[in-house]
Amino acid sequence: MKFFAILVAAGTLLLGGCATTIRSDVTVFHEWPAQLQEKTYVFDTPAPSEDTLEYRSYQGLVANELSKLGFAQAGAPEQARLRVDMAFSTIDRPTRVLQAYDPFWTGAGPYWSMYGAWPYRGGFYPSRYRYRHWAFRPYYDPWMFGPTEYREVIRHNYERKLNVSIADNTGKKLYDVTVQNTSRRQSTPSVMPLLVQSAFTGFPGESGKAKQIDLELQ
């Protein structure tokens, strides 16, 4: 029991420190003035249908990143030297896949079945390996395929896109960045802080060059 308690405690610490890597594709185009001294800005007013609490929350994320770069939000539009516009979208792309499972698995006893899967044109190939629960070591079992069945499941991939642009008072664009990310994480609010951070990493950066940025989501 003491050994089991130690294992549980160690597993809890490992899970508590887990992080998910969010990879974003970032493309920047800019004509940023080298001698721009005053960096006051205002946000462009969004369309009424887009002016939601979620949109304003993401504006706050953009404002926080801009403040790190020395920008300051003006109190009135006429006091601003720059105008900032933001747009975002999330599209759910569900796909159907075949998944192998064992209808006789109960989870009891010293062993349990764990089916792996490799994609192929018709679905997935199951694995012939089982695992011992006290050692987590696989062992070969040639008799596993008897009760194997397949079921169709839906997997969701969420495609997210963020665009931020900065223009001067005449409407000339100085900075235009697009951030794209695809993941199975459903919550956009949990991912958006990293997308916004990716948009300004290395600001202003090299114009016309696409890059990938990996950030950790705790």
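Worth pointing out:
- Straight-distance candidates among the aspartates and glutamates for linking to residue 209, with alpha-carbon spacing under 19 Å and chain neighbours fewer than 8 residues away dropped: 25, 31, 176.
- Heavy-atom accessible surface of segment 41-98, averaged per residue, reaches 60 Å², computed with a 1.4 Å probe.
- The H on the amide N of residue 217, modeled in the peptide plane, is under 5 Å from the matching H of 20, 21, 22, each at least 5 residues off or on a different chain.
- When you filter the chymotrypsin sites (Phe, Trp or Tyr not before Pro) in segment 143-218 for DSSP loop state and at most 16 other Cβ atoms inside 10 Å of their Cβ, you are left with 143, 145.
- Within the accessible area of segment 174-218 (1.4 Å probe), percent carbon and sulfur: 44 percent
- Estimated vicinal HN-Hα couplings, Hz - segment 46-55 in sequence order (Karplus 6.51, -1.76, 1.60; Gly, Pro = x): x, 5, x, 6, 9, 7, 9, 5, 5, 4
- Set of lysines near residue 211 by C-alpha distance (under 22 Å), chain-local residues within fewer than 8 positions excluded: 68, 161, 173
- For residue 81, distant residues with modelled amide H under 5 Å away: 40, 41
- Amide H contacts of residue 175 (H built 1.01 Å from N, under 5 Å, at least 5 apart or other chain): 31, 166
- Phi angles of segment 155-167 translate, via the Karplus equation with coefficients 6.51, -1.76, 1.60 and θ = phi - 60°, into HN-Hα couplings of 10, 9, 10, 9, 9, 10, 9, 10, 10, 10, 10, 10, 10 Hz per residue; Gly and Pro are given as x.
- Segment 171-218: C-alpha gyration tensor shape, a/c 1.5 cut-off, then a/b vs b/c: prolate
The values are calculated or read from the model by the stated rules, or taken from the named source; none is laboratory data. These numbers come from a predicted model, not from an experiment. Using ideal geometry, Cβ is built from the backbone for each residue, glycine included, and neighbour counts are taken over all protein chains shown. Accessible surface areas use protein heavy atoms only, side chains included; no ligands, DNA or RNA. Shrake-Rupley method; radii C 1.70, N 1.55, O 1.52, S 1.80 Å.
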